[in-house]
Structure formats: structure tokens, C-alpha cells
Amino acid sequence: MKIKDVKLLITAVNENQYPSEGVAEIALAGRSNVGKSSLINALINRRNFARTSSQPGKTQTINFYSINEELRLVDLPGYGYAKVSVKEREKWGKMIENYLVNRKSLKEVFLLLDIRHAPGEHDKMMYNWIKSFGYKGIIIATKADKIAKGKWQKHISIIAKELGVEDKNSIVPFSATKKVNVDKVWEIIENILVE
Ligand code: GDP
């Protein structure tokens, strides 16, 4: 996709702020700091468009990025902060569930995992959740530049095994820093858009 125009439509704290339906959406899920904002920036080829390094305790929001008014990348609130209260965690769960269940424009969910680490409990829960709502749950293994290329497959096999992913070739090693597989992710997006 040739990127002509990118906008942050809204940083939504609740449902009535979501932009109107009608434009295909792809959501990005994953623990805080996994590299969701960096992936968005790499895809749109901007250095600092999506805010990176979200801070703990920050208001949980769903951020809608519009690309050429033909696609929206939707940054879901990250999980995994130990300090978050039970109340905040519940709010997070309701917000994500509501979006995944009710959003008609949502075509697919990408789950981002750090290539270096085996998936944690929250990652497993998120993956199962995504699947249970009828999405494929495309896994992107981020920060691939942090390990040697020769070790990627070993790490990807661990991720596939832990999550029960049948086709480990569907897991995409990715680096925002080194621009690894940016084109591949775009290809996946384009295929989703024509489905
Ligand atoms: P988010 O909380 O999921 O949006 O994560 P960010 O995109 O803010 O990234 C969290 C941290 O990881 C930042 O310090 C990024 O610079 C770093 N990071 C993100 N992607 C990569 C990557 O591909 N390679 C490396 N080395 N660092 C990355």
C-alpha cells in the first residue's frame, strides 16, 4: 500500500468515542513494551508517529490510526504490568472484550510477542481469547534484531509450541529497528483487506 495519509483518529477511553464503523480494522495486541507502537511506526515509515514506550499506570486507551482512509490500525491497551490494580485489570478486560466481540469492521488481530521470551500466561490468555472470538490471531515475533538470525527459528518453535500454533511458518519474525519483514507484514495486511 502506498501511504498517502496517516492520522491518529482518536485515543479512545470508551466505546462511544470509537470512530464510526465501515473501514477495515486490524488490531494489535500484546504486553506493554512489546513493540506495538514501533510496529505501527515501521509500517507507516514514520519515526515517532505512534507514541512509543507507554508508561505503567497510564490511562488505558484504544488508539485508532487511519491509513489512506482505507485501513485502520488499532492499538489495543497493553497488558502485563504487575502494578495494575484488580479494578484496572477488569476495566482492561471489558474494554478489549467489548471491542473484539462487537466491532464489525475488525478483520484480524495481530498478537505481538517478544521473540526472545516464551509466551507468558497473559500472552496465552490473549491468544486463546483472540481465537475464541473467531480471529486467526497472527503472531508477530518482535525485536528479532535482539537475537542472532540463526536463532530465530528456535525461538519461534518455542512460541508455536507454547501457544499451540499448528503452522509455525505463520509466525513472523519482525524488527522495527532493523526494518525486518515490514513488507511481509504489509503483504499479510493486503491479503486480509481483499478477503
Ligand atoms: P508498546 O508499548 O508495545 O507500544 O512498545 P513500544 O513500541 O513503545 O516499544 C517498547 C520499547 O521497545 C521501546 O524502547 C522501543 O524502542 C523498543 N523496541 C520496539 N521495537 C523494537 C525492535 O524491533 N527492536 C529493538 N531493538 N527494540 C525495539
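The values are calculated or read from the model by the stated rules, or taken from the named source; none is laboratory data. Worth saying up front: this structure is predicted, and the values here are computed from it rather than measured. With ideal geometry, Cβ positions are generated from the backbone for all residues, glycine too; neighbour counts draw on all protein chains shown. Keep in mind that these areas ignore ligands, DNA and RNA; they rest on the heavy atoms of the full protein, side chains included. Shrake-Rupley method; radii C 1.70, N 1.55, O 1.52, S 1.80 Å.
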Practice prompt. For the stretch 42-61, enumerate the residues that are out of contact with any Ser or Thr (no Cβ under 6 Å at 6 or more places or on another chain), within 24 Å of Tyr81 (Cα to Cα) and either open to solvent by 50 Å² or more (accessible area, probe 1.4 Å) or at pLDDT 95 or above (or both).
Written response: Asn48, Phe49, Ser53, Gln55, Pro56, Gly57, Lys58, Thr59
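Can you confirm whether Lys94 is at pLDDT 95 or above, open to solvent by 60 Å² or more (accessible area, probe 1.4 Å) and basic (Lys, Arg)? Break it down stepwise before answering.
Values: at pLDDT 95 or above: no; open to solvent by 60 Å² or more (accessible area, probe 1.4 Å): yes; basic (Lys, Arg): yes.
So Lys94 fails the test.
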Worksheet item: Are there any pairs with C-beta distances below 6 angstrom linking a residue in the stretch 141-164 that is within 14 Å of Gly35 (Cβ to Cβ) to a residue that is acidic (Asp, Glu) and open to solvent by less than 60 Å² (accessible area, probe 1.4 Å), with the two at least 6 apart or on different chains, and if so which?
Response: Thr142/Asp114; Lys143/Asp114
Discussion item. Looking at Ile140, Ile115, can you tell me which residue is within 16 Å of the ligand (Cβ to nearest atom), of a type outside the set (Lys, Arg) and either exposed (fewer than 13 other Cβ atoms within 10 Å of the Cβ) or over 25 Å from Val23 (Cβ atoms) (or both)?
Written reply: Ile115
Practice prompt. For Trp129, work out the one condition from (1) touching a Leu at 6+ places or on another chain (Cβ under 9 Å); (2) farther than 20 Å from Ile40 by Cβ; (3) in a loop (DSSP other than H, G, I, E, B) it doesn't fulfil.
Written response: (3)
Discussion item. Where the second residue is modelled with pLDDT under 90 and more than 10 Å from the ligand (Cβ to nearest atom) and the first is among the aromatic types (Phe, Trp, Tyr) and lies in the stretch 36-65, which pairs have Cβ atoms under 8 Å and are six or more apart or on separate chains?
Written reply: Tyr65/Phe49
Worksheet item: How do the pairs read when you match residues in the stretch 114-139 that are over 18 Å from Ile188 (Cβ atoms) and at pLDDT below 95 with residues anywhere that are of a type in the set (Ser, Thr, Tyr) and open to solvent by less than 80 Å² (accessible area, probe 1.4 Å), using Cβ under 7 Å and keeping only pairs 6 or more apart or on different chains?
Response: His122/Tyr79
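Checking the condition over 22 Å from Leu193 (Cα atoms), modelled with pLDDT of 90 or more, in contact with a Phe, Trp or Tyr (Cβ under 9 Å, 6 or more places away or on another chain) and acidic (Asp, Glu), which residue from Glu15, Glu25 passes?
Exactly one of Glu15, Glu25 is over 22 Å from Leu193 (Cα atoms), modelled with pLDDT of 90 or more, in contact with a Phe, Trp or Tyr (Cβ under 9 Å, 6 or more places away or on another chain) and acidic (Asp, Glu), namely Glu15.
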Item to complete: Give the residues of the stretch 143-153 that are within 13 Å of the ligand (Cβ to nearest atom) and open to solvent by 80 Å² or more (accessible area, probe 1.4 Å), sorted by residue number.
Response: Lys146
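Scan the stretch 155-195 for residues that are part of a loop (DSSP other than H, G, I, E, B), more than 25 Å from Glu70 (Cβ to Cβ) and more than 16 Å from the ligand (Cβ to nearest atom) and jot them down. Step through it out loud before you land on a result.
Here is the first cut: in the stretch 155-195, the ones part of a loop (DSSP other than H, G, I, E, B) are 164-167, 171, 174, 176-179, 181, 195.
Now restrict to residues that are more than 25 Å from Glu70 (Cβ to Cβ): 164-167, 171, 177-178.
The answer is Gly164, Val165, Glu166, Asp167.
Can you find even one residue in the stretch 77-99 that is part of a helix (DSSP H, G or I) and in contact with a helix residue (DSSP H, G or I) (Cβ under 7 Å, 6 or more places away or on another chain)? Full working, then the answer.
Just the residues of the stretch 77-99 that are part of a helix (DSSP H, G or I), to begin with: 86-99.
Applying the additional criterion that residues be in contact with a helix residue (DSSP H, G or I) (Cβ under 7 Å, 6 or more places away or on another chain) yields 98.
Among the residues of the stretch 77-99, at least one is part of a helix (DSSP H, G or I) and in contact with a helix residue (DSSP H, G or I) (Cβ under 7 Å, 6 or more places away or on another chain), which makes the answer yes.
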Worksheet, complete the sentence: Leu76 vs (1) over 20 Å from Val185 (Cα atoms); (2) at pLDDT 90 or above; (3) under 17 Å from the mean Cα position of the chain (by Cα): all pass except (1)
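Out of the residues in the stretch 118-137 that are among the charged types (D, E, K, R) and over 15 Å from Arg31 (Cβ atoms), state the one that is least open to solvent (accessible area, probe 1.4 Å). Can you show your working first?
At the first step, the residues of the stretch 118-137 found to be among the charged types (D, E, K, R) are 121, 123-124, 131, 136.
Still in the list and also over 15 Å from Arg31 (Cβ atoms): 131, 136.
On the way: Lys131: 95, Lys136: 112 Å².
Among them, the one singled out is Lys131.
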Discussion item. Any residue at all in the stretch 139-153 that's in a helix (DSSP H, G or I) and closer than 15 Å to Leu111 by Cβ?
Written reply: no
